Amino acid sequence: MNANKRLSVIIVNWNVRDLLESCLSSIYLETELPEDEYEIFVVDNDSSDGSADMVRELFPKVHLVANTENIGFGKANNQVLDQCKGEYILLFNPDAMLIDNGIDKLLEHADKCQDTAIWGARLLNVDRTLQRWTGGAFPNIANIAGHYFFVSRLLSYFCATKSLYLEADVDVDVDVDWVSGACMLLRAKSLNGKLFDDRFFMYGEDMELCHRIKMAGWKVLYTPIASVVHVQGASMKHQTGEILLSSLKGLRSFYMLLHGNRWVKVVDSITILGFGGRWFLYKLLSFLTRKKEFSDKAASSLGYIRITKDIIQREG
């Protein structure tokens with residue numbers, strides 16, 4: 001790649017037209033970097049909501065790639081990597097919005113960390129509370145169990161294992177194993193021409209990339225210096241079938257990449273028991289409060305049990 005720009009932004013979109021419009025607007029409004037020093041790529045995975053037409057009409061400077069099928073998050077990012085001219089590459093979700101000049105802060109911070117190749121920003125819910133899945137440790141039996149059984153902090157204390165997801169908001173940089181692909185800044189030269197592993201359709205590819213980069217000797221940092229509002233899972237609300245399956249398959253696949261088949265049946269059991277416990281809890285809360293949100297979460301938990309069993313049946 002010929003790095004003659006400061007930054008290349010890649011956004012992969014699927015059927016979140018209005019959020020994508022807000023996302024792109026936030027980049028232009030919340031970035032002080034001169035427009036000739038950065039470029040934006042939108043890869044649309046065959047949306048049916050007019051997303052591609054909106055980009056063409058409202059954001060003519062954006063480089064648009066309109067796919068005729070949903071090829072997944074990883075492959076769509078890979079699709080434009082060789083066109084990127086930035087010294088840094090920012091992977092950004094269409095359901096995310098910049099606030100407080102986040103890109104400028106990230107770039108300034110990155111220049112000071114020459115031993116680091118990947119940065120994750122502070123992801124916030126719409127109500128500005130922290131999203132724990134901003135980053136964390138690579139999966140093992142202990143932290144997977146901690147996550148599903150809501151005892152991550154307790155296990156971290158007794159087992160000296162790092163939590164799968166960040167446990168608390170912090171005001172300093174944290175050296176982590178992985179950060180979320182929802183907002184991931186990359187030092188382009190660290191990639192050596194390769195971004196995501198095509199075996200991951202969606203979910204898990206950010207962990208695999210961070211692992212590969214760390215194995216090459218670079219650091220991965222979570223930094224609270226920049227915050228991003230992330231409407232978590234907006235596109236997933238429309239997903240069904242194989243795409244929804246990948247939301248659980250990604251973590252399982254990455255665990256197997258690290259550890260092989262060893263203990264994978266334990267991971268599957270933990271997943272099923274964890275969602276079973278959540279189903280019981282939400283069902284009880286639904287009965288006691290008569291709130292639809294709890295009955296919806298109970299139904300979702302039951303659905304994820306079925307998905308996990310489907311993965312086990314397919315892959316063993």
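The values are calculated or read from the model by the stated rules, or taken from the named source; none is laboratory data. What you see is a predicted model, and the numbers here were worked out from it, not measured in a lab. Virtual Cβ from ideal backbone geometry, glycine too; neighbours counted across all protein chains shown.
Considering the conditions (1) in a helix (DSSP H, G or I); (2) of a type outside the set (Lys, Arg); (3) crowded, with 17+ Cβ neighbours inside 10 Å, ASP18 is excluded by exactly one of them, (3). When each of VAL12, VAL55, VAL62 is tested for being in contact with a Pro (Cβ under 8 Å, 6 or more places away or on another chain) and either surrounded by fewer than 19 Cβ atoms within 10 Å (Cβ to Cβ) or among the aliphatic types (A, V, I, L, M) (or both), the lone residue that passes is VAL12. Inside segment 168-196, can you point out the residues that are crowded, with 16+ Cβ neighbours inside 10 Å and β-branched (Val, Ile, Thr)? Those that are crowded, with 16+ Cβ neighbours inside 10 Å and β-branched (Val, Ile, Thr): VAL174, VAL176, VAL179. If you check ASN125, ASN77 for being modelled with pLDDT of 95 or more and in the same structural domain as THR223 (by TED's automatic domain parsing), only one passes: ASN77. Residues that are polar (S, T, N, Q) and under 27 Å from ASP46 (Cβ atoms) within segment 1-31 comprise SER8, ASN13, ASN15, SER22, SER25, SER26, listed in sequence order. So is ILE103 of a type in the set (A, V, I, L, M, F, W, C) and over 20 Å from ILE40 (Cβ atoms) or not? No: the conditions fail for ILE103. Contact map, segment 296-316: first residue under 18 Å from LEU284 (Cα atoms), second residue among the charged types (D, E, K, R), Cβ cut-off under 7 Å, separation 6 or more or different chains; pairs are ALA298/LYS283; SER301/ARG278.
Here TYR28 fulfils each of the conditions (1) surrounded by fewer than 21 Cβ atoms within 10 Å (Cβ to Cβ); (2) touching a Ser or Thr at 6+ places or on another chain (Cβ under 9 Å) apart from (2). Of all residues in segment 62-97, count the ones that are in contact with a Phe, Trp or Tyr (Cβ under 9 Å, 6 or more places away or on another chain) and either free of Cβ contacts under 8 Å to residues at least 12 places away in the same chain or basic (Lys, Arg) (or both). The total comes to 1.
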